[in-house]
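The values are calculated or read from the model by the stated rules, or taken from the named source; none is laboratory data. Note that this is a predicted model, so its numbers are computed, not measured. Here the Cβ is made from the backbone with ideal geometry for all residues, glycine too, and neighbour counts use every protein chain on show.
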Amino acid sequence: MSYAVLNPTPAEWDAFLITLPQAHILQTSGWASLKRPSGWDSARVALAEKSGQIVAGGQLLFRALPFGLGTMAYLPMGPYLTHFDQRAPLWEALDAAAKARRAAFLKWEPGIPAEGEAPHDYARYGFRTSPQTVQPPRTILIDISGDDAAIQARMNQGTRRKIRQSLKNDIRFWEASCEEIAHFTGMMQITGKRNAFGVHQPAYYALACDLFIPQDAALILAEHEGDMLAGIMVFAKGDTAWYLYGASSNVKRNLMAAYGVQWKAIEWAKARGCQTYDLWGIPDEDESALEAQFEQRNDGLWGVYGFKRGWGGKVVRSAGAWDKVYNPLIYQAYKLALKARGE
């Protein structure tokens, strides 16, 4: 079958994503808009049948490489096919779009393979494995099917206890409006300082709120007697929800509000029909190493693993990162520059 190559509008692209249970929030036009102030540009490439209906596609992001080394194209958590015979023409179209933006290479992060999905033939389409990832390759997936009791039964005893404690402490949990985002951004700065990790500027979270709430995200906050305690931004698309941003204050931590807002986010995701809740990012180690070291380490993503491990999910690893090189000289210079920086 022959297909027409399209550059769909944001509305056309998002309408296609709505039809896909496996759609990812990072492939939405809203995500491209969120990343634009940080220096990312975007292009959407699709295949359509004679009727004009989109049947395959992917959203590319573009960003200038450091040291003036040109441009990187980036394909996160896509592309999407509805039939295997679309793979070759779609990659041709994606390559053409990347080269049109003078990309030195295309970095592809396919995400977590679907159960039973045939492995990609990366070499056939010109990809090589890459150690430089953009998104954390390992995560924990929680099964949120069944009733509340079934979901909590999969958790460890300590997490269940802390959820119940948070719900008995007269904490007010609510789904906040974007006008209340300052409560969240203030706690994000506190969380970043306390845990020694980088956070985005307040304008980033405000834009995320404007772009995604209420259609594809929720901002859930917790307060007690006028004190802001915790907040979470959870996103959803298709069958999956993602816990991308969470914050807590330094006051009344004994009330376990961080557990309460996470539970409220799970309830929100379940009400939207999601079956899986992705805790989004843990150290890239196998489970035995994670369990052996998490009590001794607090650097990087180790600081959140102790919290995330108790929610009864499954540790999974994505397909990692893969690079397709269009300009070998620039790509080699890029790798050498990263090595010099210790990356």
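Conditions: (1) under 18 Å from the mean Cα position of the chain (by Cα); (2) at pLDDT 95 or above; (3) surrounded by fewer than 19 Cβ atoms within 10 Å (Cβ to Cβ). Residue 43 meets all but one. Number of the miss?
Unmet for residue 43, out of (1) under 18 Å from the mean Cα position of the chain (by Cα); (2) at pLDDT 95 or above; (3) surrounded by fewer than 19 Cβ atoms within 10 Å (Cβ to Cβ): (1).
Which of the residues that make up the stretch 184-227 are part of a helix (DSSP H, G or I) and crowded, with 18+ Cβ neighbours inside 10 Å?
184, 185, 187, 188, 191, 205, 207, 208, 209, 211, 212
Could you pull out every one of the helices (runs of 4 or more DSSP H) wholly within the stretch 4-113 that has 3 or more residues that are among the aliphatic types (A, V, I, L, M)?
10-18, 87-100
Criterion first (touching a helix residue (DSSP H, G or I) at 6+ places or on another chain (Cβ under 7 Å) and either of a type outside the set (Val, Ile, Thr) or assigned by TED's automatic domain parsing to the domain that holds residue 274 (or both)) does residue 42 satisfy it?
yes
Has the stretch 15-32 got any residue that is hydroxyl-bearing (Ser, Thr, Tyr), over 24 Å from residue 99 (Cβ atoms) and touching a residue at least 12 places away in the same chain (Cβ under 8 Å)?
Scanning the stretch 15-32, I find at least one residue that is hydroxyl-bearing (Ser, Thr, Tyr), over 24 Å from residue 99 (Cβ atoms) and touching a residue at least 12 places away in the same chain (Cβ under 8 Å), so the answer is yes.
Name, by its number, the condition in (1) under 21 Å from residue 26 (Cα atoms); (2) aliphatic (A, V, I, L, M); (3) in a loop (DSSP other than H, G, I, E, B) that does not hold for residue 251.
Result: residue 251 passes all but (1).
Among the numbered criteria (1) assigned to a loop (DSSP other than H, G, I, E, B); (2) within 26 Å of residue 190 (Cα to Cα); (3) touching a residue at least 40 places away in the same chain (Cβ under 8 Å), which single criterion is violated by residue 296?
Failed condition: (3).
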